[in-house]
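Notes follow the structure.
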Amino acid sequence: MTRQLTKSGWLIMWFIISACGSGPTEALFEKPPVPVGYVDRLEIQVGDRVLSFGPFVGYYFKPSSVEDLSQLDFVCFNERSFYTLDLPANSQLYSGHARWRHLPEDTQTVIPADGRRIVPVFFSQAPKSWLNSRPAPLNEYVHFHSAYDNRGAVRFGYWFRHVAQASFNYDMGGRVTTDSPLYHAVEPGPDKQFARIIEFDHGPAG
């Protein structure tokens with residue numbers, strides 16, 4: 001049975017975001033200019049379960065309130081030049097919104113696990129009920145990232161609406177080319193070409 005979320009059921013723990021690397025002046029080793037109030041990881045209580053969300057490269061989140069994690073604002077930076085070679089390291093690529101959802105369980109599709117932290121399911125392979133869980137506008141909420149617990153990925157997570165802040169080629173820092181479903185040209189505004197993927201996050205190693 002799907003657990004229902006209530007205000008009293010939410011729990012958030014704020015984590016100190018530290019700079020990665022040891023180079024004091026090189027942009028690749030500096031943390032991006034994260035706005036006050038944004039964090040890289042959330043812990044969310046759903047019923048008797050505590051779920052974690054994040055961290056992943058360049059993303060920082062700000063809940064609507066400490067009592068309501070169903071809606072987030074987020075920013076995404078080109079941290080360590082992870083997402084594009086067209087803009088400097090730590091440039092802001094996106095702002096946007098995220099909405100908490102539970103992917104329906106009325107399907108034979110199981111949560112995939114293959115030893116990687118993040119395992120994608122493309123829209124073409126996803127059950128229609130999962131795609132129907134998107135908030136409106138459907139053509140802008142096109143990317144899902146799951147939460148996880150100590151057993152791995154769960155069906156709870158956030159649908160993301162990415163709003164680009166600049167023009168660039170999303171090439172994963174040169175790691176993918178035009179034949180990849182991740183690669184696309186980005187223009188300022190809602191990124192309707194963002195990769196249509198449901199990502200199951202099994203949590204950081206260790």
- Message: Quick check on the range 62-69. Is at least one of its residues outside any loop (DSSP other than H, G, I, E, B), modelled with pLDDT of 95 or more and within 15 Å of the chain's Cα centre (by Cα)?
- Response: yes
- Query: Out of curiosity, is PHE160 surrounded by 21 or more Cβ atoms within 10 Å (Cβ to Cβ), at pLDDT 95 or above and within 19 Å of ASN78 (Cα to Cα)?
  - Reply: yes
- Message: Can you confirm whether VAL46 is more than 25 Å from PHE194 (Cβ to Cβ), surrounded by 18 or more Cβ atoms within 10 Å (Cβ to Cβ), hydrophobic (A, V, I, L, M, F, W, C) and at pLDDT below 95?
- Response: yes
- If you scan the range 42-66, which residues turn out to be among the small types (Gly, Ala, Ser) and within 15 Å of PRO32 (Cβ to Cβ)? GLY54, GLY58
- Residues located in the range 113-132, provided they are polar (S, T, N, Q) and either in a helix (DSSP H, G or I) or surrounded by 18 or more Cβ atoms within 10 Å (Cβ to Cβ) (or both): SER124, GLN125, SER129
- Task: Being free of Cβ contacts under 8 Å to residues at least 12 places away in the same chain, of a type in the set (A, V, I, L, M) and touching a strand residue (DSSP E or B) at 6+ places or on another chain (Cβ under 9 Å) narrows it down to one of LEU138, LEU131, so name that one.
- Result: LEU131
- Message: Conditions first: (1) farther than 19 Å from ASP191 by Cα; (2) assigned to a loop (DSSP other than H, G, I, E, B). SER52 passes all but one, so which condition is the exception?
- Response: (2)
- Any chance ASP73 is acidic (Asp, Glu) and part of a loop (DSSP other than H, G, I, E, B): no
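This table checks each residue for (1) out of contact with any Lys or Arg (no Cβ under 9 Å at 6 or more places or on another chain); (2) farther than 24 Å from LYS62 by Cα.
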| site | (1), (2) |
| --- | --- |
| PHE122 | no, yes |
| PRO127 | yes, yes |
| PHE144 | no, no |
| ALA164 | yes, no |
| ASP171 | yes, yes |
| SER180 | yes, yes |
| LYS192 | yes, no |
- Message: I need the full set of residues from the range 66-76 which are touching a Lys or Arg at 6+ places or on another chain (Cβ under 9 Å) and of a type outside the set (D, E, K, R), in order please.
- Response: SER70, GLN71, LEU72, PHE74, VAL75
- Taking interchain pairs and intrachain pairs at least six residues apart, which have beta carbon atoms under 6 angstrom, with the first residue in the range 149-164 and over 14 Å from GLN71 (Cα atoms) and the second in a loop (DSSP other than H, G, I, E, B) and of a type in the set (Val, Ile, Thr)? ALA153/ILE111
- Query: Can we say ALA89 is assigned to a loop (DSSP other than H, G, I, E, B), surrounded by 16 or more Cβ atoms within 10 Å (Cβ to Cβ) and aliphatic (A, V, I, L, M)?
  - Reply: yes
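The values are calculated or read from the model by the stated rules, or taken from the named source; none is laboratory data. Treat the numbers as computed from the prediction; the structure is a model and nothing was measured. No Cβ is skipped: glycine too gets one built from the backbone with ideal geometry, and neighbour counts run over all protein chains shown.
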